[in-house]
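Down below is the structure, laid out as structure tokens.
The values are calculated or read from the model by the stated rules, or taken from the named source; none is laboratory data. Computed from a predicted structure; not experimentally measured. Backbone-built Cβ (ideal geometry, glycine too); neighbour counts: all protein chains shown.
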Amino acid sequence: MGTLENGTIQEIWQEIEDKLTKDKNPYSDMTGTYQVQITDEDVTYQLSFNDGGFSVKKDTNGNADCILKMKNTVFRKFLAGNLNSMTAFMTGKLKVEGNITLALKLESLLKQYQF
């Protein structure tokens, strides 16, 4: 079992950061800021892409182009690629504020990495 199944939210975000650092190709042309709120753990992370780079910040309330709100289990499925974000959105498991197209772009990006 890996970090996605057994790790804490902090460990999962560290793995996201590590994988994005190792392979910059998938997001080299992305621009935007995502805020991911894990609603049942009251944890927020912000993931920003700009000029071929990225940053991850914890507990930020800064401006975001797209805010995704979901429970811990839904977040893990989202990263694993085992969640159709449109279905999750339509059934209320995923709430999106801001640009929904960016949410779909993030899903597509994360599917290129193995979590």
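Considering region 78-106, and only residues there that are part of a helix (DSSP H, G or I) and in contact with a Leu (Cβ under 8 Å, 6 or more places away or on another chain), the residue that is farthest from Y45 (Cα to Cα) turns out to be M86. Restricting attention to region 63-115 and to residues that are of a type in the set (S, T, Y) and over 21 Å from S28 (Cβ atoms), the residue that is farthest from the chain's Cα centre (by Cα) turns out to be T91.
Identify the residue in region 56-69 that is out of contact with any Asp or Glu (no Cβ under 9 Å at 6 or more places or on another chain) and not β-branched (V, I, T) and, among all such residues, is nearest to T21 (Cα to Cα).
First, pick out the residues of region 56-69 that are out of contact with any Asp or Glu (no Cβ under 9 Å at 6 or more places or on another chain): 57-63, 65.
Then drop every residue that is not not β-branched (V, I, T), which leaves 57-59, 61-63, 65.
Details: K57: 15, K58: 17, D59: 21, N61: 24, G62: 23, N63: 23, D65: 22 Å.
Once the filter is applied, the top-ranked residue is K57.
The residue of region 8-51 that is surrounded by the fewest Cβ atoms within 10 Å (Cβ to Cβ), among those that are part of a helix (DSSP H, G or I) and among the polar types (S, T, N, Q), is N25. In region 58-78, the condition of being closer than 22 Å to Q114 by Cα, of a type in the set (F, W, Y) and touching a Ser or Thr at 6+ places or on another chain (Cβ under 8 Å) is met by at least one residue. Any idea which residue in region 81-102 is surrounded by the fewest Cβ atoms within 10 Å (Cβ to Cβ), counting only those that are under 27 Å from G2 (Cα atoms) and at pLDDT below 90? Within region 81-102, the match that is surrounded by the fewest Cβ atoms within 10 Å (Cβ to Cβ) is N82. Filtered by the rule that a residue be within 15 Å of the chain's Cα centre (by Cα) and either hydroxyl-bearing (S, T, Y) or on the phi > 0 side of the Ramachandran plot (or both), region 43-56 gives T44, Y45, S48, S55. Scanning region 58-77 for residues that are in a helix (DSSP H, G or I) and either modelled with pLDDT under 90 or exposed (fewer than 13 other Cβ atoms within 10 Å of the Cβ) (or both) returns a single hit, T73.
Among the residues making up region 24-39, those that are touching a residue at least 12 places away in the same chain (Cβ under 8 Å) and over 16 Å from the mean Cα position of the chain (by Cα) are S28, D29.
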